[in-house]
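Report on one structure; see the data block that follows.
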Amino acid sequence: MAQQATLQADTRKDAGKGAARTHRKGGRVPAVIYGHDRAAETLTIDSAALSRLLSTTSVATTILDVTIDGRAPVKALIREIQRHPLRATDILHLDLYEVKADEKITVEVPIHLVGTADGVRNHGGVMDQVMHKIEIRVFPADIPEHVEVDVTNVAIGHSIFVRDITVPKADILSPGRSADLLRRSTARRDRGHA
């Protein structure tokens, strides 16, 4: 279910803005890995390798095998990517969170709508997707790349709620079972008169 990728990292001995800036100029991205009774460890990662990884994987649902200084790899998720405010392709810092195979974690997974709603196809309606991600609690190996929601039978005036979907091997956490996932499919001609 979950995507897998590998990442090489080196331990970083220096700290501070000046050191981080020096690493970035040298083609390295400052990073930190933390979690599960381990002290936070500062790292550097090759900028080009990280950019390639981020362009080919889904960040929120990919488990990384992080090899630090040639040691045995540890499993981790990307928790945060800090980017330059004007040059979005420039990564300033990366946070990695170590995960254990036998412990559930909380992740946000994208929602993909499948099919064309009956109200849109046959009655000229318009769908309003309210939620684009859903927060779930799941074992790392069972993280889905996305959650598919079939909208084929949604008619004018009907909605799909969080309680109407299931995610295999996962517990849905947010935003509540009665929240709208997909709002009414209203006719186009009626939208201006509501």
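The values are calculated or read from the model by the stated rules, or taken from the named source; none is laboratory data. What you are looking at is a predicted structure, and each value in this text was computed from that prediction instead of being measured. In this analysis, Cβ positions are derived from the backbone assuming ideal geometry, glycine residues included, and neighbour counts consider all displayed protein chains. These accessible areas exclude ligands, DNA and RNA; they are computed on the full protein's heavy atoms, side chains included. Shrake-Rupley method; radii C 1.70, N 1.55, O 1.52, S 1.80 Å.
Below, the figures for the structure above:
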{"item": "Under Karplus coefficients 6.51, -1.76 and 1.60, residue-wise ³J(HN,Hα) of the stretch 126-139 in Hz, glycine/proline x", "result": "10, 8, 10, 7, 7, 10, 10, 9, 9, 8, 10, 10, 7, 6"}
{"item": "Antiparallel content of DSSP bridges confined to the chain, in %, to 5", "result": "65"}
{"item": "Tensor-based shape of the stretch 1-103 (alpha-carbon gyration tensor, a/c under 1.5 rounded, otherwise prolate or oblate)", "result": "oblate"}
{"item": "Violating pairs (Cα-Cα greater than 30 angstrom) within the set K25/K104; K17/K75; K13/K133", "result": "K25/K104; K13/K133"}
{"item": "Nearest 10 degrees, 0 to 90: helix 47-56 Cα axis against the chain principal axis", "result": "20"}
{"item": "Surface share of carbon and sulfur [accessible, 1.4 angstrom probe, percent] for the chain", "result": "49"}
{"item": "Calculated [θ] (222 nm, deg cm²/dmol) that DSSP helices of n ≥ 4 give over the chain, each run adding -39,500 (n - 2.57)", "result": "-3000 deg cm²/dmol"}
{"item": "Matching label, Rg/Rh (Cα atoms, Kirkwood Rh) computed from the structure shown, candidates (i) 1.02; (ii) 1.10; (iii) 0.95", "result": "(ii)"}
{"item": "Accessible heavy-atom area order of K169, K13, K75, highest first, probe of 1.4 Å", "result": "K13, K169, K75"}
{"item": "Long-range HN-HN contacts of A155 with modeled amide H, under 5 Å", "result": "G119"}
{"item": "Shape call, the stretch 15-65: gyration tensor on alpha carbons, a/c limit 1.5", "result": "oblate"}
{"item": "Residue-normalised accessible area of the stretch 27-125, expressed per residue, 1.4 Å probe, Å²", "result": "49"}
{"item": "Among 82-91, 153-162, the order from most to least packed when residues are scored by Cβ within 10 Å on average", "result": "153-162, 82-91"}
